[in-house]
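Each remark here refers to the structure printed beneath this line.
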Amino acid sequence: MYKVTFRHPAFPYGKQFGLTGIGAVENGKSILIDEDAARRFKAMFGKTLDEFFEGHGHVQVEIQKGGGH
Amino acid sequence: MPAGLGGAGWLAIVFETVMGTYLDPTTVGTVWVPILDESLTYNEDKYYSPQIRQSSIVMEQKQSYYHVAGDVRLEVDPTFLPYFLYCSRHTPDKAGDGTPYVYNFTPSDDAAAQIVAGSSGQKTASITIVRNDVGFGYAGCVLGGYTFAVEDGILICTMNVLGLSEETPADLGSPAWVAPNILGADSHSIYTDTAGVAPAFAGAVETNFNGFEFAVDFNAEAQNRIRADREASYISYGETVPTLTTELDFESKTEYDNFKNSAKKAVRFQSIGDGLAWGATQDAIRIDMFNMSYDEYSVNLGGMSDLVMAGVTMRALGIAAGVPYRITVKNTTDIAGAS
């Protein structure tokens, strides 16, 4: 399980974004990505979620306990 | 890589901290701006050596100075518009608490593009454009001019972009898009008033404008100086020329006489996206032109079935103790707050 958090300093808390590869996210909030969705993500982009968003200024990916890749 | 479609491309913009130092779109503060098309190109006057050496064909070519130039055309979205206007020959001003923020841009007399700290200072931008999944990074970007026009009822802006250099982005990151927020036919109103530093525009809405095009040309040029690199050294500005072009139903001779007499007037164009009054809107743009002079006013009989229209071009002039024009944008985007 992955926890993906999107934070953009210029936009109001809760403003909805469409984040490439993830879908709808709200500014300042987190969504959980389950293992099946994470596998689909890797199949599509060739990288795991944390690899893909490494260094992204607005997206933080945390691997939840019991999850992994 | 297979062929790609334009629709899969994207553009990102972020303010620079050092003019001309490219920041890729993983940088905090980057925004991804929906566009209609772009034509940014690498512009270099390559040097072809005219050596005379028993040949009528040039035998050597060397790299020379270059800069970036082209247009970005987009549907005006108050969410993103200030990012571009900050990177132009204006004095910006930001007010409000986010419900909404109010951005004002008035013309400045600066000789060259620059970065001034804070929300009341000009910026330069790094613009990234991805074409068929290939990233192109453009640094030191500012506007050499722009045009706001109502096309098919939609407010469209064409930005003429000049940049110092082209870079290859180290990382393209991943775009994040907000819902489109464009200004359609039911958003726009035009008012006129007597020229002055603060006209009230309290009269009735004008109803005879067939088209609206407000263009500002900063007469910007990329300047190359002798240094141990080839990119442009800075972007210079010349005379600022703001004009308004439209077509009016010809209903009386009043404005024709104003044209002949060089009588001045003020014009306001406003476009509100959320249907609220100006004081309450969080989603709007207003262009105020305070001292307009008719440059052209042509009225003719075009044909048996043609409406009698007046072709009009007006020019925004300076005004004592005031500004020639002001662009106001209201939105909820906290732009330049941390710069």
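Derivation of every value follows stated rules applied to the coordinates shown; laboratory data play no part. Source: prediction; values computed, not measured. Ideal geometry is used to build each Cβ from the backbone, glycine not excepted, and the neighbour counts take in all protein chains shown.
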_For the list (1) assigned to a strand (DSSP E or B); (2) farther than 18 Å from B:GLU255 by Cβ, I need the number of the one condition that B:GLU296 fails._
(2)
*Could you pull out the residue among B:ASP93, B:ASP110 that is more than 13 Å from the chain's Cα centre (by Cα) and free of Cβ contacts under 8 Å to residues at least 40 places away in the same chain?*
B:ASP93
*For segment B:124-135, what are the residues that are touching a Gly at 6+ places or on another chain (Cβ under 7 Å) and more than 24 Å from B:ILE335 (Cα to Cα)?*
B:ARG131, B:ASN132, B:ASP133
*Sort through B:TYR138, B:TYR146 and tell me the only one that's under 24 Å from B:PHE105 (Cβ atoms) and touching a Gly at 6+ places or on another chain (Cβ under 6 Å).*
B:TYR138
*Here are A:LYS65, A:LYS47: which of them is of a type in the set (Lys, Arg), more than 10 Å from the chain's Cα centre (by Cα) and within 14 Å of chain B (Cβ to nearest Cβ)?*
A:LYS47
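Taking segment B:233-254 only, how many residues are touching an Asp or Glu at 6+ places or on another chain (Cβ under 9 Å) and over 14 Å from B:ALA111 (Cα atoms)?
Count: 7.
Given the criteria farther than 17 Å from B:GLY29 by Cβ and out of contact with any Pro (no Cβ under 8 Å at 6 or more places or on another chain), does B:LEU162 qualify?
yes
Residue by residue, here is whether (1) buried (at least 20 other Cβ atoms within 10 Å of the Cβ); (2) of a type in the set (Gly, Ala, Ser); (3) under 26 Å from B:ILE13 (Cα atoms) holds:
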{"site": "A:PHE11", "(1), (2), (3)": "yes, no, yes"}
{"site": "A:GLY14", "(1), (2), (3)": "no, yes, yes"}
{"site": "A:ALA24", "(1), (2), (3)": "no, yes, yes"}
{"site": "A:LYS29", "(1), (2), (3)": "no, no, yes"}
{"site": "A:ARG40", "(1), (2), (3)": "no, no, no"}
*Does B:ALA179 qualify as being without any contact (Cβ under 8 Å) to a residue 24 or more places away in the chain, more than 20 Å from the chain's Cα centre (by Cα) and either loosely packed, with under 14 Cβ neighbours inside 10 Å or away from chain A (no Cβ under 14 Å) (or both)?*
yes
*Go over the candidates A:GLY57, A:GLY18 one by one and state the one that is buried (at least 17 other Cβ atoms within 10 Å of the Cβ), free of Cβ contacts under 8 Å to residues at least 12 places away in the same chain and facing chain B (nearest Cβ under 8 Å).*
A:GLY57
*Conditions (1) out of contact with any Phe, Trp or Tyr (no Cβ under 7 Å at 6 or more places or on another chain); (2) assigned to a helix (DSSP H, G or I); (3) surrounded by 17 or more Cβ atoms within 10 Å (Cβ to Cβ): number failed by B:ASP257*: (3)
_Please go through segment B:255-277 and give me each residue that is of a type in the set (Gly, Ala, Ser) and touching an Asp or Glu at 6+ places or on another chain (Cβ under 7 Å), ordered by number._
B:ALA266, B:GLY273
